[in-house]
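Q: Here it is, the structure in full.
The values are calculated or read from the model by the stated rules, or taken from the named source; none is laboratory data. Because the structure is a prediction, the values reported are computed rather than measured. All Cβ positions, even for glycine, are placed from backbone atoms using ideal geometry, and neighbour counts span all protein chains on display. Just so you know, the surface numbers come from the protein's heavy atoms only, side chains and all, with ligands and any DNA or RNA stripped out. Shrake-Rupley method; radii C 1.70, N 1.55, O 1.52, S 1.80 Å.
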Amino acid sequence: MLSELVLSALTDVILACELFFLAGLSLRPGIQTFSPAWIWSLTLALIGLASMLGAIDHGFFETIGHEAHRPLVIATRIVIVLGSLSMIVAASFQYLTSPLRQGFVAAGVLGALWPVFMILTSDDFLSVILYYSVGLIFLLVLSVVRFRQNKGTLPMIAGILLTLGVSAMIPMRSPGFWGLGLYGSYHVLLMPIVVLLYFGGRWFRTTR
């Protein structure tokens with residue numbers, strides 16, 4: 001029977017491929033660079049990259065205690081922070097106007113310094129969870145306030161709520177599904193959820 005670490009790596013690969021595919025679908029012809037839709041496609045790609053880095057680490061380095069394990073952990077977590085920041089930027093560009101837009105983007109950048117510092121100086125993962133949870137809640141609040149602004153708001157709200165619920169498994173140290181373990185279960189549960197996030201961002205504005 002495969003170990004939980006191996007299952008985590010395998011499910012991470014599948015999730016990463018799905019996210020790369022959805023990011024590619026999002027980055028369709030006619031989208032202007034740095035538009036909300038373009039930034040959302042970048043967000044999906046960054047989350048996919050974090051999943052792929054995690055899979056490489058779990059599958060090849062963590063299992064044998066290789067010296068590259070720690071650098072890959074750092075890289076994976078920093079990419080998660082970048083993806084969370086990209087989410088904040090996408091939400092700000094979609095729903096806010098100047099100067100509120102610049103203010104929240106600046107706050108997102110400053111807020112990212114704390115998890116990055118914790119990543120570089122400790123093995124703390126809670127700061128990363130809190131930061132991307134803040135990004136999700138920020139997008140959730142704006143999606144609810146501007147509910148009628150685009151057709152993708154309902155799947156976006158559903159996707160965010162489900163992501164927050166599934167993410168709670170990590171700080172709660174849930175055992176996950178039998179045979180999959182915590183992180184394998186986490187990745188499997190995210191697979192249908194990220195489709196909702198894709199459809200939510202599909203209706204983001206394609207112009208700057």
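Q: Examine the stretch 124-132 for a residue that is surrounded by fewer than 16 Cβ atoms within 10 Å (Cβ to Cβ) and part of a loop (DSSP other than H, G, I, E, B), and state whether such a residue exists.
A: yes
Q: OK, next. When only residues in the stretch 184-208 that are assigned to a loop (DSSP other than H, G, I, E, B) and touching a helix residue (DSSP H, G or I) at 6+ places or on another chain (Cβ under 7 Å) count, which is most open to solvent (accessible area, probe 1.4 Å)?
A: Looking at residues that are assigned to a loop (DSSP other than H, G, I, E, B) and touching a helix residue (DSSP H, G or I) at 6+ places or on another chain (Cβ under 7 Å), I get ARG205.
Q: Here's something else I'd like to know. Could you count how many residues in the stretch 135-149 are of a type in the set (A, V, I, L, M, F, W, C), crowded, with 18+ Cβ neighbours inside 10 Å and within 17 Å of the chain's Cα centre (by Cα)? Break it down into steps so the answer makes sense when it comes.
A: Keep residues of the stretch 135-149 that are of a type in the set (A, V, I, L, M, F, W, C), which gives 136-142, 144-145, 147.
Checking the rest, the ones that are also crowded, with 18+ Cβ neighbours inside 10 Å come to 136, 138-140, 142.
Narrowing further to those that are within 17 Å of the chain's Cα centre (by Cα): 136, 138-140.
So the count comes out to 4.
Q: The conditions are (1) closer than 27 Å to LEU142 by Cβ; (2) touching a helix residue (DSSP H, G or I) at 6+ places or on another chain (Cβ under 8 Å), and THR11 fails exactly one of them. Which is it?
A: Failed condition: (1).
Q: Oh, and also: In the stretch 178-208, how many are of a type in the set (S, T, N, Q) and either in contact (Cβ under 8 Å) with a residue 40 or more places away in the chain or under 14 Å from ILE47 (Cβ atoms) (or both)?
A: Of the residues in that region, 2 qualify.
Q: What's the total number of residues in the stretch 150-174 that are of a type in the set (S, T, N, Q) and open to solvent by 80 Å² or more (accessible area, probe 1.4 Å)?
A: The total comes to 0.
Q: Test each condition in (1) within 22 Å of CYS17 (Cα to Cα); (2) in contact with a helix residue (DSSP H, G or I) (Cβ under 6 Å, 6 or more places away or on another chain); (3) not basic (Lys, Arg) for THR153 and report the one that comes out false.
A: All conditions pass for THR153, except number (1).
Q: A further question on this structure: Select, from SER3, SER41, SER8, the only residue that is more than 15 Å from the chain's Cα centre (by Cα) and open to solvent by less than 30 Å² (accessible area, probe 1.4 Å).
A: Unique residue meeting the criteria: SER8.
Q: Could you please let me know if LEU110 is hydrophobic (A, V, I, L, M, F, W, C) and within 24 Å of MET191 (Cβ to Cβ)?
A: No; evaluated as a whole, the condition is false for this residue.
Q: Okay, next question. Write out, first by first residue and then by second, each pair whose Cβ atoms fall under 7 Å of each other, whose residues are 6+ apart or on separate chains, and whose first residue, in the stretch 158-177, is assigned to a loop (DSSP other than H, G, I, E, B) while the second is open to solvent by 40 Å² or more (accessible area, probe 1.4 Å).
A: PRO171/LEU126
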